[in-house]
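Written out below as structure tokens is the structure these notes cover.
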Amino acid sequence: MRRLRRQKEAAEADKTQSTESKLTSRSFKFQKRQTVYFMISIAGIMLFSLVILVVTGTFDDFDLGNAISQIFRQLINPEMTGNVLRYWTLAAAAIIASVISAAFLFEINITSSTFVHIQHEWYWKYFLRHLIIKDKHGWHFMIGYFVSILIFHPVIAEQVWEVQSRLQEINLYQAYIITIPVVSTILVVARVLSKLDLAIIDTNIGVLIVLIYVSEIIFLTVTLSFVPFEQLYGFVSYPNEAQNQFIIYDSEVFAASLCMLADWLIIRVGMNKDSF
């Protein structure tokens, strides 16, 4: 009986190993095929412009070597590279900060199956578990509101100034001041909506707002050389307007405090929902 049992177990082990070997081989073939498709796609995309030149009969008038060297000269231009690195470093910092502020203001849920996969990963241990907080305190909301205002306020202010300056006399400082209540109201309303029992909340309104303003930050950075964290950047770049920059910055701090108070009154007192 023992011998039969051992033979049966050995047969099952061989069968399992054979199945795993087949799956591994099949997976390798699939990845190899996808790599070939990818390389063909890249080649097709790169050769497409040359095909157009040949079809239109303009290839003879085209200096291919000069065109390729121009591409590299333009992309590796020191002045352009320096500006790109500066703006995109600030933009990346703004995006990361916006994600953190959204996590402090809005609930981020992780399914149990996802948690099983990420709980042993480094990014959960050192980053995500400190970011996804269920029981938030007052300082979470204060930082969340302030960082959100600090990031999103310049986006709205720049847009308002660009439009209103064509209609009436308004400077950028005035645009910053008058748009602080607008940004503050948007954030508080988003927080209130996130506490309502609506099916649409499953799409995460907080993340949606962040994505909208992140896209605006990227658009303004590319088109207008817009600098995220304009309030902080202004202290260094515009020393003659230091007083205006100081007023704008501390107005945002004051607005964040009012947002936190309104958050507590509406959500905790009025709606009897969990807050700080």
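The values are calculated or read from the model by the stated rules, or taken from the named source; none is laboratory data. On a predicted model such as this, the values are computed, not experimentally measured, just so you know. Virtual Cβ from ideal backbone geometry, glycine too; neighbours counted across all protein chains shown. What goes into the accessible areas is simple: the full protein's heavy atoms, side chains included, and nothing from ligands, DNA or RNA. Shrake-Rupley method; radii C 1.70, N 1.55, O 1.52, S 1.80 Å.
Between V222 and W139, what FRET efficiency follows from the Cβ-Cβ distance if R0 is 35 Å, with the result rounded to 0.05? Don't jump to the answer; show the numbers that get you there.
Details: r = 35 Å, r/R0 = 0.99.
The pair V222/W139 has a calculated efficiency of 0.50.
Taking all protein chains together, D63, D250, D263, D135 sort by accessible area into D135, D63, D250, D263, largest first [probe 1.4 Å].
Expressed as a whole percent, the accessible surface of the range 123-275 that belongs to carbon and sulfur atoms is 65, based on a 1.4 Å probe. Computed extension length for Q31-F127: 31.4 nm, one decimal, from 0.36 nm per residue of separation with the Cα-Cα distance subtracted.
Against the criterion of solvent-accessible heavy-atom surface with a 1.4 angstrom probe, I76, I186 sort, most first, into I76, I186. The solvent-accessible area of F246, taken with every protein chain present and a 1.4 Å probe, is close to 120 Å². Largest first, the residues M39, M260 sort by 1.4 Å accessible area into M39, M260. For the range 123-275, the relative contact order works out to 31 percent when only alpha carbon pairs closer than 8 Å and six or more residues apart are counted.
The stretch between L258 and R86, if pulled fully straight at 0.36 nm per residue, gains 58.6 nm over its current Cα-Cα span. Other residues lying with their Cβ under 11 Å from the Cβ of I266 contribute a combined charge of +3, Lys and Arg counting +1, Asp and Glu -1. Quick one: check the C-alpha center-to-center distance for the range 170-194 versus the range 212-276, whole angstrom. The two parts, judged by their Cα centres, are 8 Å apart.
When the charge dipole of the range 123-275 is built from unit charges on Cβ atoms (+1 for Lys and Arg, -1 for Asp and Glu) and taken about the Cα centre, the candidate among F235, F141, V182 whose Cα reaches farthest toward its positive end is F141. Packing order of peptides 65-72, 178-185, highest average first: 178-185, 65-72 (average count of other Cβ atoms within 10 Å over each peptide's residues).
One way to sum up the overall shape of the range 123-275 is the equivalent ellipsoid from its Cα gyration tensor, whose semi-axes run 29, 17, 17 Å, largest first.
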